[in-house]
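Read the structure below first, then the notes.
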Amino acid sequence: IAVTAFYRPQKVCLCPFLPLHPLHISTHLYIIQHPAEESRVLRTVPLLAACLPQDKCKVKTGRRFSEERDPELSTVCRKSDTLILYPGAEAANLEEFILDSPVYPSTIIIIDGTWSQAKDIFYKNSLFRLPKQVQLKTSVSSQYVIRTQPTNRCLSTLECAAAALSILEKNNYIQETLLRPLQALCSFQLQHGAQIRLSKEHLLKNGLYAKPMPKNKRKLRKMELLMNSVKI
């Protein structure tokens, strides 16, 4: 069950931190992965896929999706029991939604990429606005400390999937199991020279942001929002 996508040396192998057998879940998970994520060395999606049954975790890579390009995904998006995990004003809290929903969700879609990449995929693919949009209500900081996040509340794809699946499956053990290899990955990297990456929000608020402020007005406005804890 080695995570071959990483080709890691034995002393930092993540296999001991993976479950002996894929987790038994009834929820189908679709990861919509931006192509740029494929070239990143320290990704969380391979860890996630290594913990789940192949038929319950499908990764689809691309920027644009349509009924013609991906009939399977189109069918999934049109089903009434499919959710898409993407925060925003239109998104319902996942835990509250499943309490009132007449149809219990069987599928959840998660977009994998930087926040700007995820935003581009979500808004430029009409298919992804067909499912019910949900978000996680959490104040927990990301454990993916070796990669800079925009805010203190942003989570990695694996962490989002772990939280969502534990809610949908009503089983906190799922979240604990999925986070274990991520914790080991970060621990190994920190032991071998990596540094803890604080969020951009934290750096800006504490005067620690080393890069020059952007000249682009839109990007500068986003920086200002982060400094004032405005949700973007």
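At a glance:
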quantity	calculated
Residues that are at pLDDT below 65, assigned to a helix (DSSP H, G or I) and either farther than 23 Å from residue 116 by Cβ or open to solvent by 50 Å² or more (accessible area, probe 1.4 Å) (or both), drawn from segment 173-205	200, 202, 205
Qualifying residue in segment 75-83 (condition: under 19 Å from residue 163 (Cβ atoms) and either open to solvent by less than 20 Å² (accessible area, probe 1.4 Å) or not in a loop (DSSP other than H, G, I, E, B) (or both))	yes
Residue within segment 34-56 that is open to solvent by less than 30 Å² (accessible area, probe 1.4 Å), of a type in the set (Asp, Glu) and free of Cβ contacts under 8 Å to residues at least 60 places away in the same chain present	no
Index of the failed condition, residue 94 passing every other in (1) surrounded by fewer than 19 Cβ atoms within 10 Å (Cβ to Cβ); (2) within 19 Å of the chain's Cα centre (by Cα); (3) of a type outside the set (Lys, Arg); (4) farther than 26 Å from residue 15 by Cα	(1)
Hits in segment 100-114 (condition: modelled with pLDDT of 95 or more and either open to solvent by 30 Å² or more (accessible area, probe 1.4 Å) or not assigned by the TED database to the domain that holds residue 133 (or both))	104, 106
Residue satisfying condition, being in contact (Cβ under 8 Å) with a residue 60 or more places away in the chain and hydroxyl-bearing (Ser, Thr, Tyr), within set 26, 74	26
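The values are calculated or read from the model by the stated rules, or taken from the named source; none is laboratory data. Not measured: the values here are computed from a predicted model. Glycine also receives a Cβ, built like all others from the backbone with ideal geometry; neighbour counts cover every protein chain displayed. Surface areas here come from the heavy atoms of the whole protein model, side chains and all, with no ligands, DNA or RNA. Shrake-Rupley method; radii C 1.70, N 1.55, O 1.52, S 1.80 Å.
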